[in-house]
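Down below is the structure, laid out as structure tokens.
The values are calculated or read from the model by the stated rules, or taken from the named source; none is laboratory data. None of these values were measured; they are calculated from a predicted model. FYI the Cβ positions are ideal-geometry reconstructions off the backbone, even for glycines, and counts take in every protein chain you see. These accessible areas exclude ligands, DNA and RNA; they are computed on the full protein's heavy atoms, side chains included. Shrake-Rupley method; radii C 1.70, N 1.55, O 1.52, S 1.80 Å.
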Amino acid sequence: MTTRLTGFTPSGDLHLGNYLGAIRPIVARQQHADTIAFISDLHALTLDHDPDAVRRRTLEFAALLMAAGADPERLLLMVQSHVPEHTELHYLLECTTGYGEAQRMIQFKEKSRQQQHQVRLSLLTYPVLMAADILLYDTDEVPVGNDQSQHVELARDVATRFNSRYGQTFAIPQAVNPAFAARIMDLAAPDAKMSKSASSAAGSLRLLDEPDTLRRKVMRAVTDPGDEVVYDPAGKPGVANLLAVLAACTDGDPVTLASQFDRYSDLKRAVADAVVATVGPVRERYLALAADPEYLRSVLRDGAKRARERAGDKVRAAKEAIGLLPA
Ligand code: TYM
């Protein structure tokens, strides 16, 4: 059976890009694949962070994943730091990764440039922790937006190198990107991706925004000169982004959809309806789930227990292969 895994870093507010890029894809196939979804809380410590906010968001993200359809009876849902094997394998993989390889990561370059305070060493090494997240469970497929594809490539390179140096230990994973939603752009600045931390409130469609707020943000989205509705990501990035959102929310195709609208305002109304129909029910279910934090915590405890049973064997195999004496 195919193993699929993906993670979410509790470093800001989950938005439609996260939902269409990774949450919906991982939930959609949970019946048919061995599926793991987790909150990558350790990754939230790589930039300036507020400890209380990380703790609060960890539970919030778990509730949102379940509100979006993640069913703990069918998939494994857990918090990364509850499974210490992730950090244990991280070190072994650091000993398999070059400094130059880590430095070439686009996210490291971008985020280290934006840091006001000292750049944390973990910002450089975090893609190696991400490789550990993936390789611990013999993951075949990693559903992600395209901003994470380079990190999955690194995990492939590290796994291939480890296997050829020390003997077959890890499955080789591959990134899986959704058709039109691998890079949803900021509605207020369509040349930048919608992002948990960097996006303006106006440009990000948050999963916990109220329907009226979602509608207002879509109606105010930045469009492009001219008035023709065509799918042209290079020439008309604002309109193309709205068409991509509409296509992803309605299982349509952006080119065909474009031909159905004569005016930007009609397109925006259709996008607003589709976004509210997609996100509204998730928010409703979230509010019900958030009222029972004890239940959420019990789901996460159970997920961590099951994850540790699987991860322990892999760490033991990797330690032995790399040359450590069994205790
Ligand atoms: P994170 O938390 O930044 O994002 C979670 C997921 O959402 C996707 N995404 C988007 N997709 C489409 N359009 C966008 N504008 C957009 N913004 C974000 C991301 O690509 C991601 O799939 N390091 C990861 C979390 C992680 C992980 C892993 C993922 C940790 N370990 C192992 C996969 C496998 C991160 O910070 O994603």
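A few comments on the model shown:
- Under the span-like rule (Cα at least 20 Å along the axis, Kyte-Doolittle mean at least 0.5), DSSP H helices of the chain: 121-135
- Cα centroid of the stretch 140-192 to Cα centroid of the stretch 19-50, whole Å: 13 Å
- Helix-only arithmetic for the chain: the sum of -39500 (n - 2.57) across DSSP H runs with n ≥ 4, divided by the residue total, places the mean residue ellipticity at 222 nm at -16000 deg cm²/dmol.
- Summed residue charge, Cβ within 9 Å of Thr46's Cβ, Lys/Arg positive, Asp/Glu negative: +2
- Placing +1 on the Cβ of every Lys and Arg and -1 on the Cβ of every Asp and Glu, with no other charges, gives the chain a dipole of roughly 460 debye about its Cα centre.
- Cβ-Cβ distance of Arg165 and Arg306, R₀ of 25 Å, FRET efficiency by 1/(1 + (r/R0)^6): the value works out to about 0.25.
- Carbon-plus-sulfur accessible fraction, the chain (probe radius 1.4 Å, protein heavy atoms only): 50%.
- Low-density loop positions, GluC sites (Glu not before Pro), the stretch 18-96 - DSSP coil, at most 10 other Cβ in 10 Å: Glu73
- Unsatisfied cross-links (Cα-Cα over 31 Å) in the set Lys193/Lys319; Lys217/Lys305; Lys109/Lys268; Lys196/Lys236; Lys109/Lys305; Lys193/Lys305: Lys193/Lys319; Lys217/Lys305; Lys109/Lys268; Lys109/Lys305; Lys193/Lys305
- Accessible area (Å², per residue) of the chain, counting only protein heavy atoms and a probe of 1.4 Å: 46 Å²
- Accessible area in the full protein assembly, largest first, 1.4 Å probe, for Arg29, Arg161: Arg29, Arg161
- Gain on full stretching of the segment that runs from Arg316 to Asp52 - 0.36 nm per residue minus C-alpha separation: 91.7 nm
- Where a label projected 7 Å from the Cα of Arg29 along Cα→Cβ would reach, residues of the stretch 165-191 with amide N under 13 Å: 173-179
- Full extension of the segment from Ala192 to Leu325, taken as 0.36 nm per residue of separation minus the current Cα-Cα distance, would add 43.0 nm.
- Summing +1 for each Lys or Arg and -1 for each Asp or Glu among the other residues whose beta-carbon sits under 10 angstrom from that of Ala175 gives -1.
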